[in-house]
Amino acid sequence: MKAVVCSEGKLEVADVPTPKPGPGQVLLSVTRCGICGSDLHARLHCDDLADLAAATGYHNFMRSNERVVLGHEFCGEIAEYGPRCRKRWAPGTRVVALPIIRNGREPELTGLSQAAPGGYAEQVIVQESMTFPVPNGLSTEHAALTEPMAVAWHAVRKGRVGRKQTAFVVGCGPIGLAVISMLRASGVKNIVASDFSPRRRELARLCGANVVVDPALESPWQADPAKSRISDVTDVLNLGFDAMARLRGIPALPWWYLFRIAHTLDAAPTGPVVFECVGVPGIIDQLLTAAPPSTRIVVVGVCMEVDRFRPAMAINKEIELRFAFGYDPGEFRDTLHMIADGKVDPAPLITGTVGLGGVDNAFTALGSPEQHAKILIDPGSALIEV
């Protein structure tokens, strides 16, 4: 079959053996596959990524000297079942799948391991248990975005944004745009998006941000439409004074019980929720310094370099840091159905389509934030330019 092979930082279309599904696996004919930012990074820095993965216990991440087929955001049609499958769906059924397979007891990351060739190809192997049929006549293009939208849905769930809280999205690349879309789908009313790129700010508004900010000209915190009562530590201390003055003005009131109830119900005054979707050194410390007290920061951007921040800044402001990566099968399935049911629209993210022969050009185009967000690969297309 035809596939785009990555080796030593170069991409080329090559003839490779058609993969054979093993026990519990299914062969798909790929209809669309998205190009992810992690693919761009893995092309040039996979050895660093592999070292990091090995430190966490996964030892089969791609290396630069290997020949690897990238691609983990795909939609395809059932072509062939391996042994010991339940054969749930008829051949030709359109499906999406989590990009992970298991050979025996050895998990493999599809599109990021030589042992699990990805979706930049005419066909790809998936695990039957991790596969889901495309519902409601959802388009193939939108179904292919289930995977990146599931990453965003997992991050939004980690954020636990309350009804009265503002969500700030810092960085409006593909993952930031997906987070904005999922925040809007979950009912968050105030979404402030921040990015230096005019094109990305335009896409952020299309995805559901009600306020967009150029951080070179305006502070995102000053653009908060909710105008929180808490902007610095002095505000927190004054809230305490004001509350105690009122409570102690009521004779015989056991005011400490009210504090206990507030703690139990998590009803204390809080700051906003910030989604860091940039992933460059220094951004976490910038957010810790600038964000209001009691902010929750969800780190979604993947910074591959050593970074530094001041823990005392986070401690003094009681800022909560959470880190988000991936999703679980339930979140993946729910994301697929949210897209199919029209609760979230991934259309603004799609800015181009190429065939296998255009993947190298697509990687180059994605280097500019002013041109593209998400480029899809159609293995049956002859398009080489975007």
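Computed from the coordinates by the stated procedures, all read-outs in this text should not be read as laboratory data. Keep in mind that this is a model prediction, so the values were computed, not measured. Note that we place each Cβ from the backbone using ideal geometry, even for glycine, and neighbour counts take in every protein chain shown.
Results, tabulated for the structure shown:
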| item | result |
| --- | --- |
| Reciprocal of mean inverse Cα separation for the stretch 43-86 (Kirkwood radius, Å) | 13.1 Å |
| For the chain, with +1 on Lys and Arg beta carbons and -1 on Asp and Glu, the positive-most of 263, 280, 245 along the dipole | 245 |
| Within-10-Å neighbourhood charge of residue 283 [Cβ basis; K, R +1; D, E -1] | -3 |
| The stretch 43-200, relative contact order in percent, only Cα pairs under 8 angstrom and at least six apart counted | 18 percent |
| Per DSSP, loop trypsin sites (Lys or Arg not before Pro) in the stretch 230-313 with at most 10 further Cβ within 10 Å | 248, 308 |
| C-alpha long axis of helix 174-185 to longest principal axis of the chain, angle in ° | 60 degrees |
| Per-selection Rg to Rh, the stretch 118-167 - Cα, Kirkwood hydrodynamic radius | 1.11 |
| Net charge of neighbours whose Cβ lies under 15 Å from the Cβ of residue 90, counting Lys and Arg as +1 and Asp and Glu as -1 | +1 |
| Reduced Cα scattering model of the stretch 152-228, Debye log10 I(q)/I(0), q = 0.27 Å⁻¹ | -1.32 |
| Interchain or long-range residues, amide H under 5 Å from residue 69's placed H | 6, 118 |
| FRET efficiency, residue 255 to residue 55 (Cβ-Cβ, R0 41 Å, nearest 0.05) | 0.25 |
| Cross-link table 343/374; 189/343; 227/343; 158/227; 164/189, entries beyond 18 Å C-alpha to C-alpha | 343/374; 227/343; 158/227 |
| Stokes-Einstein translational diffusion, the stretch 207-255 - Kirkwood Rh over all Cα pairs, 1.002 mPa s, 20 °C, in µm²/s | 154 µm²/s |
| Residue with peak Gaussian network fluctuation, the chain [Cα springs, cutoff 10 Å], from 294, 219, 194 | 219 |
| The stretch 178-308 - Rg over Rh from alpha carbon coordinates, Kirkwood radius | 1.07 |
| Within the stretch 272-302, backbone nitrogen closer than 12 Å to the virtual label 7 Å beyond the Cα of residue 266 toward Cβ | 296 |
| Net charge of Cβ neighbours under 14 Å - reference residue 133; Lys, Arg +1; Asp, Glu -1 | +3 |
| Tilt relative to the chain, helix 233-247 - C-alpha long axis, 0 to 90 degrees, to 10 | 50 degrees |
| Potential extension, residue 63-residue 40 segment - 0.36 nm per residue separation minus Cα distance | 6.9 nm |
| 10 Å Cβ shell holding at most 14 others, DSSP loop, GluC sites (Glu not before Pro): longest site-free stretch of the chain | 9-217 |
| Alpha-carbon Rg with Dmax, taken over the stretch 1-58, Å | 14.2, 35 |
| Nitroxide proxy distance, nm - points 7 Å out along Cα→Cβ at residue 84 and residue 384 | 4.5 nm |
| Pairs of alpha carbons in the stretch 246-347 whose separation is greater than 17 Å (percent) | 68 percent |
| For the stretch 331-386 versus the stretch 132-199, the gap between their alpha-carbon centres in whole angstrom | 15 Å |
| Shape metrics for the chain, restricted to C-alpha atoms - Rg then Dmax, Å | 23.1, 84 |
| Relative contact order (%) - the chain, alpha-carbon pairs under 8 angstrom, separation at least six | 18 percent |
| Karplus-derived 3J(HN,Hα), 6.51/-1.76/1.60, for each residue of the stretch 161-172, Hz, glycine and proline x | 6, x, 4, 9, 8, 9, 9, 9, 10, 9, x, 10 |
| Helical mean residue ellipticity (222 nm; -39500 (n - 2.57) per DSSP H run of 4+; nearest 500) of the chain | -9000 deg cm²/dmol |
| Taking the stretch 74-134 and dividing mean pair separation by its residue count, relative contact order in percent (alpha carbons under 8 Å, at least six apart) | 32 percent |
| Calculated FRET value between residue 368 and residue 285, using beta carbons and R₀ = 30 Å, to 0.05 | 0.65 |
| Mean projected area (nm²) of the alpha-carbon convex hull when the stretch 1-139 is viewed from all directions | 8.2 nm² |
